[in-house]
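**Q** Got a structure for you, questions after.
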Amino acid sequence: MANDNLTAREKAKLADFVRKDLDASQPSASGATGAAADELGSDLKKNEEGRRKQLNTMTPSVKDDREVIKKAEAAGKHAPNVEEDVDFFSRGDVSKVVDELKAEKVEERQRVAAKKAQLPFVRLIGYPISPEVLAIIPREVAERYGIIAYIKAGRKVRLGVLRPGTKETVQALDSLGRATPFDFLIAGIGEDSYRYAMQLYEELPQAVKSASDVSVGAADKQAFETDIKSFLDLKAKITNVPTTKVVDTLLSGAVKVGASDVHIEPVEDGVRIRYRMDGVLHTVADFKADILASLLSRLKFLGKLKLDVNRMPQDGRFTIKEGGADGSGADGAEDSGLSGAAQGGSDTKFGSRKAGAKAHEIDVRVATMPSQYGEAITMRLLSRDSVTIGLDSLGLTGEARKTVLAAIGKPQGLVLECGPTGSGKTTTLYSLLTRLNDPEKKLVTLEDPVEYRLPGVIQSQIDPEHGYDFGEGFRSVLRLDPDVLMIGEIRDRKTADQAVQAALTGHIVLSTLHTNDAPTAIPRLSDLGVRPFLLANAINAVIAQRLVRKVCPHCAVETKPDDTAMEAVRKALKGLPPTAKDSLPPEKEWLFMKGKGCTRCNGTGYSGRIGIFEVLTINEELERMAMNHVPVSQIRQAARQAGMMTLEQDGLLKALAGVTTVDEVWRVARDI
């Protein structure tokens with residue numbers, strides 16, 4: 001060490017210097033409270049008394065230096081005792097020695113804190129921590145709470161804790177204990193050990209960053225695949241699994257039944273679990289209230305949320321990997337079940353594919369919000385596989401399909417998708433991008449988040465927290481010289497202006513806008529600051545859509561609506577555009593179907609969804625209305641007179657063909 005070059009007197013002076021410096025900046029040990037702090041204070045007081053006694057017995061030749069010390073102390077400063085010490089403090093190795101001595105003092109205080117908490121104290125410097133063990137605690141958790149995993153034996157994991165005994169640390173350890181299947185053994189560590197471990201995170205290989213650490217056994221997976229044949233089976237399975245496996249079973253079940261969302265909702269007398277399937281929520285299970293803490297801890301851990309925050313909303317994400325090429329789990333076992341990864345975005349694994357198969361990844365976006373009975377959690381499941389859905393499969397047919405194809409076939413212009421969240425806007429835009437994807441064109445997207453992977457397309461995910469929003473990203477995208485660009489959403493004036501300008505300067509621009517129908521997009525763009533006289537030249541088409549459930553083909557039977565419903569259907573179809581009326585079959589040939597309910601459709605009578613659409617092109621009359629700020633009802637009427645088929649009309653035509661039901665169409669599109 002550098003201080004081996006110092007004399008004993010110099011070391012003593014340095015130690016005293018460091019002690020006073022630490023006392024001025026950190027009056028008590030980190031994590032040390034109560035008797036431990038009193039013990040420290042007593043030791044320091046004894047040392048001070050001893051130093052002053054030694055000073056009083058100095059020889060006369062040194063006594064003059066006491067005046068220097070007294071003056072320095074009176075001024076609140078700490079000065080060297082003798083003139084020769086000035087040279088000593090200016091030597092190159094002193095700063096390093098000071099740092100070492102400070103570290104020793106801090107570590108001593110942390111030893112005391114660990115002792116007070118009745119914990120062993122370990123030094124991790126040079127300790128061979130394996131990447132797999134280090135990754136048990138995500139880096140974000142390690143940084144926030146000062147917790148390091150450094151050794152593992154079976155289910156037992158030793159954690160080094162920087163601040164034992166603090167409320168924040170205790171809460172974090174409690175949450176980690178509920179969120180993972182490990183038994184944690186705790187030890188105290190010092191600052192230098194913590195810094196050493198944090199440097200090891202930088203060296204974690206990518207394979208470990210997405211490794212699986214928590215898994216469901218092969219027997220559980222096989223039982224799940226064998227036993228779950230229907231939604232009722234799933235409800236029984238979830239209700240009867242042990243508490244530690246509820247999250248794994250919930251996610252496995254959601255993947256199996258094709259749920260788009262999982263809702264965990266604290267209610268007055270317990271916790272309610274619901275899946276959203278084909279756009280409708282279904283209750284899966286009801287639990288006692290005491291299970292909520294375990295569910296929260298597990299999902300916060302997977303989503304990299306703050307474990308000790310429960311009074312503020314939080315957002316996070318993790319990934320479900322269904323199958324995989326390596327077929328290996330957390331401990332080298334067969335890939336079998338859901339598991340959470342510990343670093344770089346948590347992963348979960350649901351092994352249902354054969355070894356060697358390409359992994360199917362599903363993004364899970366986690367959102368929490370405090371409520372009167374506890375934190376509510378919602379998880380949205382998004383497949384990351386590439387989209388190859390054709391426009392016909394989406395339900396875009398007839399004149400609407402021709403209009404959309406003409407819109408994206410132009411050399412420039414804006415195509416807008418309108419509708420509420422969950423109406424299928426993004427899927428339709430991806431289908432349009434797939435159709436436009438050509439080796440001779442450059443396609444770039446700005447998304448939040450990237451929901452599907454499109455080969456041959458440059459996809460960029462915005463990050464508003466770091467200043468990378470749609471507006472900032474738009475400027476960067478234009479520098480890449482794209483032919484086609486997709487903007488996830490037009491939210492503000494800046495993005496709206498940029499989209500219109502890009503559409504007017506040689507680009508095909510695809511984007512979404514949150515309005516209920518296509519005509520409302522015109523006043524909405526005006527509200528965002530787009531000059532109305534630009535609309536006709538800039539916008540090629542506005543598409544509005546909803547998703548309706550399809551009749552289950554396995555239990556479909558013919559039916560006929562009652563007289564009141566039939567009269568409403570006739571009235572709605574009376575206003576069809578001429579081109580649609582020509583293809584409308586006679587009323588005696590109308591075919592209405594409904595599903596009785598079977599195991600294939602989980603007893604709902606519906607299976608899958610299809611889109612219903614309305615497509616608007618802006619003519620001079622609509623542009624004039626926008627400039628005069630007329631009510632949207634007049635704009636809607638003018639659009640229908642110009643040949644636009646409404647959402648309700650498109651849905652009823654699909655109901656007449658037996659694809660969906662009249663009730664389902666009216667559930668999502670009546671009175672729009």
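**Q** If you plug each phi of segment 617-622 into the Karplus form 6.51 cos²θ - 1.76 cosθ + 1.60 with θ = phi - 60°, what whole-Hz ³J(HN,Hα) values come out, in order, with x for Gly and Pro?
**A** Karplus values, whole Hz, x for Gly and Pro: 10, 8, 9, 5, 5, 5.
**Q** Which of the peptides 656-665, 577-586 is most tightly packed, and how do the rest follow, going by the mean number of other Cβ atoms within 10 Å of each residue?
**A** Highest to lowest by the protection proxy: 656-665, 577-586.
**Q** Let me ask something else. For His507, what residues show an amide H to amide H distance below 5 Å, using hydrogens built from the backbone and excluding near sequence neighbours?
**A** Gly413
**Q** Still on this structure, please answer the following. Please work out the average accessible area per residue across segment 462-517, using the 1.4 Å probe convention, and give it in Å².
**A** Here the per-residue accessible area is 44 Å².
**Q** Tell me, what ³J(HN,Hα) does each residue in segment 286-300 have, in order and in whole Hz, if you take phi through Karplus 6.51 cos²θ - 1.76 cosθ + 1.60 with θ = phi - 60° and put x for Gly and Pro?
**A** Running phi through 6.51 cos²θ - 1.76 cosθ + 1.60 with θ = phi - 60° gives 10, 10, 6, 5, 6, 7, 4, 4, 5, 4, 4, 4, 5, 6, 5 Hz.
**Q** Could I ask something else about it? Just flag the trypsin sites (Lys or Arg not before Pro) in segment 635-665 sitting in loop per DSSP whose Cβ has no more than 10 other Cβ atoms within 10 Å.
**A** Counting only loop positions with at most 10 other Cβ atoms within 10 Å, none of the trypsin sites (Lys or Arg not before Pro) in segment 635-665 qualifies.
**Q** May I pose another question? Kindly write out, for segment 455-466 in residue order, the coupling ³J(HN,Hα) from the Karplus curve 6.51 cos²θ - 1.76 cosθ + 1.60 (θ = phi - 60°), rounded to whole Hz, with x marking Gly and Pro.
**A** Listing the rounded values in order: x, x, 10, 7, 10, 10, 9, 6, 9, x, 4, 10 Hz.
**Q** If you put +1 on each Lys and Arg Cβ and -1 on each Asp and Glu Cβ, how big is the dipole of segment 445-488 around its Cα centre, in Debye rounded to 20?
**A** 180
**Q** Can you list residues from other chains, or at least 5 along the same chain, whose modelled amide H is less than 5 Å from the amide H of Gln459?
**A** Those qualifying (amide H under 5 Å, at least 5 residues apart or on another chain) are Thr445.
**Q** Still on this structure: Taking the Cα centre of each part, how many Å lie between segment 617-672 and segment 469-498?
**A** Segment 617-672 and segment 469-498 have Cα centres spaced 29 Å from each other.
**Q** Let me ask you something else. At a 1.4 Å probe radius, which order do Leu547, Leu525, Leu185 fall into by accessible area, largest first?
**A** Accessible-area ranking of Leu547, Leu525, Leu185, largest first: Leu185, Leu547, Leu525.
**Q** For His554, His466, His282, write out the residues from largest to smallest accessible area, computed with a 1.4 angstrom probe and no ligands counted.
**A** His466, His554, His282
**Q** Among Thr428, Thr421, Thr520, what's the order by accessible area (1.4 angstrom probe), most exposed first?
**A** Thr421, Thr520, Thr428
**Q** Within the accessible area of segment 405-516, what % is carbon and sulfur when the probe is 1.4 Å and the other protein chains stay in place?
**A** Carbon and sulfur: 47 percent of the exposed surface of segment 405-516.
**Q** Under a 1.4 Å probe, what is the accessible area of segment 625-672 per residue, stated in Å²?
**A** Per residue, segment 625-672 has an accessible area of 46 Å².
**Q** Around Phe592, which amide H atoms from residues at least 5 apart in sequence, or from another chain, sit under 5 Å from its own amide H, with H modelled in the peptide plane?
**A** Thr559
**Q** If I compute solvent accessible area with a 1.4 Å probe over the protein chains, what percent of it on segment 126-182 is carbon and sulfur?
**A** Accessible surface attributable to carbon and sulfur in segment 126-182 totals 55 percent.
**Q** Please give the solvent-accessible surface of Asp492 in Å², to the nearest 10, using a probe radius of 1.4 Å with every protein chain present.
**A** Surface accessible to solvent at Asp492 totals approximately 70 Å².
**Q** Using a 1.4 Å probe over the heavy atoms of the protein chains, calculate the carbon and sulfur portion of the accessible area of segment 610-662 as a whole percent.
**A** Within segment 610-662, the accessible surface is 48 percent carbon and sulfur.
**Q** A further question on this structure: Just the accessible area per residue of segment 522-611, please: how many Å² with a 1.4 Å probe?
**A** Result: 53 Å² per residue.
**Q** Picking from Gly611, Ala541, Pro577, whose Cα lies most toward the positive end of the charge dipole for segment 526-663 (charges on Cβ: Lys, Arg +1; Asp, Glu -1)?
**A** Positive-end residue among those listed: Gly611.
The values are calculated or read from the model by the stated rules, or taken from the named source; none is laboratory data. Quantities reported herein were computed from a predicted structural model and do not represent experimental measurements. Every residue, glycine among them, receives a Cβ derived from its backbone with ideal geometry; neighbour counts consider all protein chains shown. Remember, those area values only see protein heavy atoms, side chains included, never the ligands or the DNA or RNA. Shrake-Rupley method; radii C 1.70, N 1.55, O 1.52, S 1.80 Å.
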